[in-house]
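Please read the structure below before turning to the comments.
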Amino acid sequence: MDQRQLFDLYKDLQAYLGWTEDDVQRICALRPLIEDSIGSIIEDFYAEIERHADARRVITGGAAQIERLKGTLREWLLELVTGPYDEVFTARRFRVGKRHVEIGLSQFYASTALSRIRLQLIAIVSSRWTGSREGLNLSLAALNRLMDLDLAIIEFAYQSEFTAREQRQERLVTLGQVAAGIAHELRNPLNTVRTSVYYLLNARDPSPDKTREHLERIDRQVSISNEVITALSEFARLPQPKAGPIDLCDFVQHALTVTPLPSQIELELACSEPLPPVMGDAAQLTIVLSNLIRNAVDAMPDGGTLKLTGRLIRNRESEVTTDLVALDVTDTGHGIPQEQLKRIMEPLFTTKARGLGLGLALARAIMEKHHGSLTVLSRPGHGTTFTMRLPLAPDTTSLLPLNPSASCRTQS
């Protein structure tokens, strides 16, 4: 918040408390009553600090620092009863609060210190007042309003500085989480690459087939590493999909090629009926499905069944056709607890011991950019189903037969 915005806030607070030009005049008239007592107020202020360890500990510069602080307090008190109550005045008040945060003074002590000064000012004015009782009450009301405004600005400074510190700390925590996730996601493929490189460098007369196997293994792991980096960059600035018609079965087969299944996972592919093409960016949607497949595999460390089911969702309730194609990704794993389901697609939230926690957040963002959706159902101990829903490609006039080379009829 710049100085002008801070002053606008101050004026809004003045209006809220009913501060008027009459209050300004009443405060300025109090200066002769207060001015020669400022020294005693300051001495009392710092004598009281000496009696409180938590307040005293922030004064680390000894007597020289105390003398400087006394000078600052003197200026603050004189300005309090002289004004002008403008942008400069408000900015100085804000800096007082900010400085208290910087030196580590608790907000409780800052607030109570201001109350102590207020009580002394009220006592001084009341004991020296020679006018009417009504005039005294109006002057004390103006003094209280002015002190309340000061307190509000100082508390706002505390709040602003603490918020800024929390945001900086949160950014550091987030950076640490992301760094740990990246390290984990890249370490596994790099270890695999390292193993294959070691074999190729040290094997005696490896067969051409064995050499090719390890080179392909390296290529796959490099692709996985590249996907991690791509996912991060795309999450930071997800591009608009380059959409076109996609045959669901071709798309599924491609994703399974990119994300091969371990031997202990049984695969079932099924379509309830011939499906029309969907509209989407194949590269981006592959990121979604590959992520869901990997999550399903992770949920079945001891083996299980992964079932991919394509189905048409018909909607004939309105004049506008809103048919969708859905792809269910179902595993027989351990499931997701209900308390985690609501957060499962939040950025940086993960149920894994290690990982980025960006996969599902990115997947949902991609589906939303495709005017589709990603939902999840899960029963702990019985498995999980993620459902991708996508709009049909335009000009789809009939249900197209499945591509025979990528048949989605049940298979294992």
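So, counting K/R as plus one and D/E as minus one, what does the shell of residues with Cβ under 10 Å around residue 324 add up to?
Spelling it out: positives minus negatives among the neighbours equals +2.
Taking packing as the residue-averaged number of other Cβ atoms within 10 angstrom, the listed peptides 125-135, 290-300, 84-94, 3-13 run from highest to lowest as 290-300, 84-94, 3-13, 125-135.
3J(HN,Hα) couplings calculated from phi for region 328-344 with the Karplus curve 6.51 cos²θ - 1.76 cosθ + 1.60 (θ = phi - 60°) are, in sequence order, 8, 10, 10, 10, 10, x, 7, x, 10, x, 4, 5, 9, 4, 5, 10, 4 Hz; Gly and Pro show x. The alpha-carbon of residue 242 sits under 24 angstrom from the alpha-carbons of these lysines, leaving out residues fewer than 8 places away in its chain: 369. Cross-link partners for residue 11 among the lysines, with Cα-Cα distance under 30 Å and sequence neighbours closer than 8 places in the same chain left out: 70, 98. Converting phi to 3J(HN,Hα) with the Karplus coefficients 6.51, -1.76 and 1.60 and the offset θ = phi - 60°, region 161-169 yields 5, 5, 4, 4, 5, 4, 5, 5, 5 Hz in sequence order, with x at every glycine or proline.
So what are the ³J(HN,Hα) numbers for region 50-67, from phi and the Karplus equation (6.51, -1.76, 1.60; θ = phi - 60°), rounded to whole Hz, Gly and Pro as x? For region 50-67, the Karplus curve yields 4, 8, 10, 4, 5, 7, 5, 5, 7, 8, 9, x, x, 4, 5, 5, 4, 4 Hz.
Bear in mind these aren't lab numbers, they're just calculated from the coordinates by the rules spelled out. Bear in mind that the values here come from a model prediction, so they are computed numbers and not experimental data. Note that each Cβ is placed from the backbone with ideal geometry, even for glycine, and that neighbours are counted across all protein chains shown.
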